[in-house]
Each structure stands twice: as C-alpha cells, then as structure tokens.
Amino acid sequence: MMAKSIAVIDGQILSRKNFMDAIDAEIINLHDTGNINQVMKVLNGLSAVEDVSGHAKAKLLWGSSEWFKQNKPNESFSDHVESTTPMKKVTVDRYILTWSLIEELIIPKEIAERPMRDLVPIAKTISQGYEISKEQWHKIDMCASDGELRDVLRKIKGKAERKSARVIKLDRQGSLWGWKDNKKYFLGSLNIQDAENDKVLAEFIEKIKVSASIVEE
C-alpha cells in the first residue's frame, strides 16, 4: 500500500512515513552509538523545518491570494482556504498580511527569518499604523522569547506596562512570581520537571499558563 503523501513539492513526494522512518533510524542509532548530540542536531533540524514550513505556507497563501484577486475578484480567498483546508480564515488573513509586509521589505530581511509566531504580532502592530524605528527593529531582533517580544511591541504602541499592573511570571525552575508596583511575590510553583515526561500534566500546565497569561522567563 502506497504511503499517504503529506505534500508534493517540485515533483518530490513528502510523506509522514518518510519522516517517521527517519526518526526510527535515529532512535536505533542512539541505542547503538550513545551519541545524544546527534539527537540534538536532529531536533534542531526539525525545529528549522517547522519554521520553514510556516514561511512556506505564508508565502504560498500570499502568492495564491494575489492570483485569486485577478482571477476570482468576486470571491474571498480566505473563505475558500477555510472551506477546503484545516486553516481558519483569521490565520489565513494574518499569514497573507505578514508575507505581504515581507515582500514589500517593510519587515526587514533579518527579522523576516523569525518564526511566524513572532512575525504575525509584528505585522499586526504595523497594520495598526505604528511605525517601527531602526532602534526598535534592533530590539526586536535581540528578543529571545515571546515575552520579550511582547514587551517591545507593547512599548512601540505606547502601552508600556503600568507599575500597578499585575503580571505573573514563570521562571525556568517552575516557580511562579507575581509582580506589582515593582515588587516581587512568590505565588507557588508548577511541576514543569515531571511535565517533560507526562503529556497530561504538560497539558494542564499549558492550560494554566494560557488562562493566566503567564509570561515565561
């Protein structure tokens, strides 16, 4: 039975089986050689593939939307995508907006290499009419986490975090800290160590982080 393809790009068939067979081979190789560094290289490679996939999807959506405007001017491209793929209309629109700003070089080339999860809020900020200075672009380029990027974008919008604002932060050890009026309060901790090996526990922790708008340090 032929393996179900994920996509066909430039005549090359990509399938889930291709990927999973390669991962099986890496696991076997780890047991044979004990070379954990090779596993880390593969993980980094998969992360890169994930980022490139997001960019490829955005570029394909943008390019296709341009064709759609000319050939089906009375129809909605994002509605069409939502009705024929798992993508939601809001995500389609965000991706198209983001890639259009990349094509127009409004988002600098060095920033355009960041993952889509970073590029989308940047594009949204620009679309709201905020201008980003050279210094601010540099600060964005230096951001190493989602929290840092949110802080920079908030300041660009003139919405610097108020001293009286209540913010919950999670450190790398799992401790939760509340901040208000520049004072730090210990709130408790999340069992992030065990969550690395427990999917259900990880899901609960993620739900807590999202619902409480927790900033990870």
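The values are calculated or read from the model by the stated rules, or taken from the named source; none is laboratory data. Owing to the predicted nature of the structure, the values given are computational and were not obtained by experimental measurement. Glycine also receives a Cβ, built like all others from the backbone with ideal geometry; neighbour counts cover every protein chain displayed.
What to note about this one:
This table checks each residue for (1) surrounded by 15 or more Cβ atoms within 10 Å (Cβ to Cβ); (2) touching a Pro at 6+ places or on another chain (Cβ under 9 Å); (3) outside the structural domain of LYS59 (by TED's automatic domain parsing); (4) not aliphatic (A, V, I, L, M).
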{"site": "ARG117", "(1), (2), (3), (4)": "no, no, no, yes"}
{"site": "GLN128", "(1), (2), (3), (4)": "no, no, no, yes"}
{"site": "MET142", "(1), (2), (3), (4)": "no, no, no, no"}
{"site": "ASP151", "(1), (2), (3), (4)": "yes, no, no, yes"}
{"site": "ASP171", "(1), (2), (3), (4)": "no, no, yes, yes"}
{"site": "TRP177", "(1), (2), (3), (4)": "yes, no, yes, yes"}
{"site": "ASP198", "(1), (2), (3), (4)": "no, no, yes, yes"}
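- ILE126 modelled with pLDDT under 95, assigned to a loop (DSSP other than H, G, I, E, B) and β-branched (Val, Ile, Thr): no
- Unique match (being surrounded by 15 or more Cβ atoms within 10 Å (Cβ to Cβ), at pLDDT 95 or above and not in a helix (DSSP H, G or I)) among ILE107, ILE111, ILE102: ILE107
- Pair list, Cβ < 8 Å and 6+ apart or interchain, from region 196-207 residues that are on the phi < 0 side of the Ramachandran plot to residues that are in a helix (DSSP H, G or I) and acidic (Asp, Glu): LEU201/ASP194
- Residues that are of a type in the set (D, E, K, R) and in contact with a Gly (Cβ under 8 Å, 6 or more places away or on another chain), drawn from region 177-193: LYS184
- Residues (under 14 Å from LEU176 (Cβ atoms) and of a type in the set (S, T, N, Q)) located in region 194-213: SER211, SER213
- Selection status of SER145, of a type in the set (S, T, N, Q) and within 20 Å of the chain's Cα centre (by Cα): yes
- Within region 61-83, residues that are among the basic types (Lys, Arg) reach partners that are assigned to a helix (DSSP H, G or I) with beta carbons closer than 9 Å, at six or more positions or on different chains, in the pairs LYS69/PHE77; LYS72/HIS80.
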